[in-house]
1. Kirkwood Rh over alpha-carbon pairs of segment B:2-250, then Stokes-Einstein at 37 °C and 0.692 mPa s: what D in µm² s⁻¹, rounded to an integer?
2. So if I place +1 on the C-beta of Lys and Arg and -1 on the C-beta of Asp and Glu, and nothing else carries charge, what would the dipole magnitude of segment A:122-213 be about its Cα centre? I want it in debye, nearest 20.
3. Put a dot 7 Å past each Cα toward the Cβ at residue C:152 and residue B:5; how far apart are the dots in nm?
4. Can you give me the C-alpha center-to-center distance between segment A:1-78 and segment C:88-142, rounded to a whole angstrom?
5. Please enumerate, by chain and number, the aspartates and glutamates with C-alpha under 15 Å from the C-alpha of residue A:187, excluding those fewer than 8 residues away in the same chain.
6. Which helices, counted as full DSSP H runs in chain C, have an axial Cα extent of no less than 30 Å and a Kyte-Doolittle average of -1.0 or above?
7. How far is helix A:93-115 tilted off the main Cα axis of chain A, in degrees rounded to 10, range 0 to 90?
8. Hey, any idea what Rg/Rh is for chain A, computing Rh the Kirkwood way over Cα pairs?
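What follows draws every value from the coordinates through simple rules; no lab data is involved. All figures in this text were calculated on a predicted structure; none of them were measured in a lab. Cβ atoms come from the backbone with ideal geometry, glycine included; neighbour counts cover every protein chain shown.
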Amino acid sequence: MLGLVVPAILSGLTTGAVYALVALGLTLIYGVLHIINFAHGSLLMAALYVALVLNMRLGLDPYVALPIVVAVFFCAGYLLQRFVVDTFSHGRDANILLVTLALSIIIDNGALYLFTSNTRTVDVPYAFDMIEVGPAFIPLPKVVAFVAALVIAGLLWLVMRHTRLGAAIRAVAIEKRGAELMGIDVKHTYAMCFGIGTACVAAAACLLLPTFYVTPQVGYAFVLVAFTTVVLGGMGSLGGALVAGLLLGVVEALCGLFLGETLGQIGIFAAFILTLLFRPAGLFAPKVA
Amino acid sequence: MLTASGVTKRFGGLVAVNDASLHVKEGSIVALIGPNGAGKTTMFALVAGFLKPNAGTVTFRGTRLDGMAPHRICRLGLTRTFQIVQPFAGLSVRENIACGAHLHHAGRKDALARAAEIAAQVGMERMLDQPAQDLTVAGRKRLELARALATEPKLLLLDEVMAGLIPSEVAQIIPTIRRIRDSGVTILLIEHVMQAVMSLSEEAYVLNQGRIIAHGTPQALVRDPTVIEAYLGHGAAERLHASEAGAALHA
Amino acid sequence: MKRFGPGESVAAILLALAALSPFVLPSQAWIGFAVNAVLISVLAIAWNVTGGFCGQMSFGHAALYGTGAYAAAMLQIRLGLNPYLAAASGVAAGAAMGGLIGALAFRYGLRGSYFALVTLAFAEVLRILASSFEITGAGSGLTLPFKPGLADLQFPDRYAAYLFVLALCIAALAVSAAVKGSRLGSNMIAVRENEEAAGAIGIDAFRVKVIAMTISGAIAGAAGVAYLQIQLFVDAPIAYGSLISVEALLGPIIGGAGTLLGPIIGTIVLHIVGEVVKNGVGGAPGLNLVFYGIVLLLILRFLPNGLMGLAGRLRRPAPAAAAARTAEAR
């Protein structure tokens, strides 16, 4: 039994790191803008397709493509917040949720129209290289994803703690009016947050691509996991999202082991519903950065 | 009619209301006064069920209220208004008041008819079909009062219904409140406009830093050195004499 | 009190003409389109009870719709129950699921985005469960045996099916109108506008919200049953898929949340846009939904009170904001 459980836990941790990366972006946006970005999963899916096309057309390895995709999605996120989410919602909370829902409908079905619903994967030479970790063998790309996700989380933390931008973001998160009076451009800061959050999913997409598949619906599955992670970790808490992401990866792997593939997902939703009902503030104290 | 005894509410380390007791007799108008941050609104929230006291009891006509939900307290005949008025912005004045009238009138027609009567009581009969969001501050305050009144309370808690009104509007609303009392509704009010307190209430409690520090007729209280020192501060007594004279003029 | 302004009357007349159009323009494609649009209108009316009147925006109305369809299908196939009894049970099952989700979510004070997310999660859990167990037909779904005839609540042709959904839609509209014009409706609107103030005037917000979810569940369940009886088939993605949840809310938001006719107007406008796009590009999948998203964006930007808000402008210059103004959970 243990021979199965330990590899499942290790594999779960690697998946969990990617969940955490997706969730970091979402929780940053929530923590500062106080909006739930429903289009987050759709942006992940879009980034997967961009990395896929770069691979098929230009032969770019997903890891090489990562900086390009991240830069493109950072800009896309910045512009989306500044010129779509903010303008179209008139700043009303309920409408923001609906605007991001509309964006997700447009992006998901746009991808369905452009790429059809066929499942696609990339071919990379190292896809089946294994690394021995204790009693288990883990695919190399999963180890890379794990390490890279933690590094990016660390970078994000450094930005939040030690840069002017980080200070501005934290100030706006705590007290928007006050920050505005201190000369911080709130709209710009909001858009930067949205950009960074979107850049996080772009990075996650490039790390996922070597071991994962792409369909226009893939974002939907991820967005639900990301919501669960964010709620579990405490809305707006970066550290919480990291821990919760890893935890959920393990929960999913173990549920999959004991209940089978489809029912395994129930573990995540059960965790989601139970957390929302009993600990809506998350397992840990909610705070930004 | 209403008795609060030893009521205490803590928010973390801050004691907002500390061992406060007060009593409201049926048919009276009682004022709860005190400086900003004294805990007056917290006291209202404790009485009306919006907060649960850490200690102490609240009894209304023989029923324990502490720990009871606001809507159940309202059904017993105790309704409050909010200092920061909360009209149902998307509805007309008539529909707003009808929301309250529905508590005792199941039928839509009855509730709407009752709403028109209540509106007349508070002088809003000409604004019935205006959207609530288009009202002036004074209009919103009146609407808040009307909506509460529509639940047919026996005791009405008014949280600063005159704050933000200009003197002529204050002068208009004072007789309205007195008429409400004369129709059989007991009133407990929080008020900063001393002119109103002096002319309306027979009895007042002074709350300072969460404690009831004095109790008596408003006329006696303004001469009470404890009150003047703790609450009104230096020079305030003179200002009060002036406003008293003003109230006498209006009366 | 004035019930209908000129805007509402125009909308009602347009709807009546649209309802009659399948008899005037008898084509199979048109009537198939009409059956679908009217069926989704019923679902939209259901969503409007919670999302529009009561201000609780659900992202998971498929949970209620699917439960109605599955309950009716399972009772007929597994227990051989009479289709009418099974249909009634489907409606009851939708109501029960609505009440259950509402009671759980509202008991723990979820509102705004949190409520939207938890309803979505419930629909997902039900979708996975329905696609995993033998009793719900697992991955292959449930198929009703074809027995056309009123005795089995099945329809020999599309006209009969259309008459059925039209009657159901009128019934749902009547229920929704009755709710809106009652004490319950007034309480729901008070809760939508300001829950704290509603409590202060004696309204039990929890109870009102759970009742709203229950009524909404019954109507959504009825829509699910109608789908089953017309298509004779149900599976997990059809019943509990996110598309159903999204369609349930698009109509009311586009037509005007909280208005009586808005959900129907919105649904029909949306379906016409989708149909035009589909015909324009030759049935490519996805593109009609892209336009759904674009219509939603444009409505939010330029008509935040929906198309009925536009109708309301015919009456007075500043229409009252009746959009679902859900307070964001902190």
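1. So the translational diffusion coefficient is about 177 µm²/s.
2. Numbers: 7 positive and 6 negative charges, 98 e Å.
In total the dipole reaches around 460 debye.
3. Once both label points are built, they end up 7.5 nm from each other.
4. Rounded to whole Å, the Cα centres lie 29 Å apart.
5. Within the straight-line cut-off, residue A:187 pairs with A:86, A:175.
6. C:83-107, C:158-180, C:205-231
7. The two axes meet at around 40 degrees.
8. My calculation of the ratio gives 0.96.
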